[in-house]
Amino acid sequence: MSYLRTAILLAGLTALFMGIGFLIGGQTGMIIALVIAGGMNLFAYWNSDKMVLRMYGAREVDARQAPELYDMVRQLAGNAGLPMPRVYIMENAQPNAFATGRNPENAAVAVTTGLMQAVTREELAGVIAHELAHIKHHDTLLMTITATIAGAISMLANFAMFFGGNRDNNGIGILGTIALVIFAPLAAGLVQMAISRTREFEADRGGAEISGQPLSLASALQKIAGAAHHIPNAPAERNPTSAHVFIINPLSGVRMDKLFSTHPATEDRVARLVEMSQTMGGAQSAGLAPEPAGPWSDPSARSQRGGPWG
């Protein structure tokens, strides 16, 4: 995804931000919102990756602390022609992962402990390759800044509850305020959704090319999607506007967020990967998830496994 598309998205979100400011405080409110949005865009460009990592309690690891994971990321990054990203682990039972960073030179890949326990080595490589594809396509800047500004739009809409309901102060009235609180976050979410579906399909394809094993990625997607329904991700539930950064929607689906999912249906993603594996010459068996989960918890099993990444 190009920087031009990033700029277009930021302009759209900024316009929405200014529109809310106008509804709350007229022209003065719009100008204040523009100044705030400009400062927020600049801050998000430099700091949104750190904010997302901190939000999920991710801790950075190196070759000493997580040698196999670090080496896998290093070799897959080499396959992708990318600089070595920083590697993070999140203490979270839900299997999931995301990438972040404003460019490939300042990128990071984060995986949960639940992911490392739930998938095979080949499946983990497929997930990491997917995240590296996001970095290669320059998706990560868009993902993290979108999360930051969409969250701010939601907060501004809630702010309108206190200052937007009085028509005597050029407000929009109680009915307008209620509509704003409901529809402004939905509009921001729709912007996220519109760009995220195609982005995930492209990252699946890119990840399969980087790892060379599309069916391993397909199998991992199935496992992660199944677990996300019954293993809660508390930080994601508290910050739903950041859900789109993950490889699979981390929200449990108990709220309305599921109606506006930023991710394509897992079945569609798996079908495309199966088709891709056939195009690549059937390097893998057509059956998905052929191996037991969790080789990362068994050192002897880990040492006996191989693959194009190590």
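The values are calculated or read from the model by the stated rules, or taken from the named source; none is laboratory data. None of these values were measured; they are calculated from a predicted model. Positions of Cβ are backbone-derived with ideal geometry, glycine not excepted, and every protein chain shown enters the neighbour counts.
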* To do: Considering every residue within region 219-239, establish whether at least one is modelled with pLDDT of 50 or more, surrounded by 13 or more Cβ atoms within 10 Å (Cβ to Cβ) and charged (D, E, K, R).
  => yes
* Structure fact -> Inside region 6-61, the number of residues satisfying the requirement of being crowded, with 19+ Cβ neighbours inside 10 Å and outside any helix (DSSP H, G or I) is 2
* Structure fact -> A careful count of residues in region 128-144 that are part of a loop (DSSP other than H, G, I, E, B) and either buried (at least 24 other Cβ atoms within 10 Å of the Cβ) or touching an Asp or Glu at 6+ places or on another chain (Cβ under 8 Å) (or both) gives 1
* To do: Could you list, in sequence order, all residues of region 45-75 that are in contact with a Phe, Trp or Tyr (Cβ under 8 Å, 6 or more places away or on another chain) and closer than 17 Å to ASN103 by Cα?
  => VAL52, LEU53
* All positions within region 62-82 that are loosely packed, with under 13 Cβ neighbours inside 10 Å and in contact (Cβ under 8 Å) with a residue 12 or more places away in the chain -> ASP62, GLY81
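Scanning for something surrounded by fewer than 23 Cβ atoms within 10 Å (Cβ to Cβ), touching a residue at least 24 places away in the same chain (Cβ under 8 Å) and touching a Ser or Thr at 6+ places or on another chain (Cβ under 6 Å), does region 91-103 turn up at least one residue?
Quick first cut of region 91-103, residues surrounded by fewer than 23 Cβ atoms within 10 Å (Cβ to Cβ) only: 91, 93, 102-103.
Next, only the ones that are touching a residue at least 24 places away in the same chain (Cβ under 8 Å) stay: 91, 93, 102-103.
Narrowing the set further to residues that are touching a Ser or Thr at 6+ places or on another chain (Cβ under 6 Å) leaves 91.
Yes, region 91-103 contains a residue that is surrounded by fewer than 23 Cβ atoms within 10 Å (Cβ to Cβ), touching a residue at least 24 places away in the same chain (Cβ under 8 Å) and touching a Ser or Thr at 6+ places or on another chain (Cβ under 6 Å).
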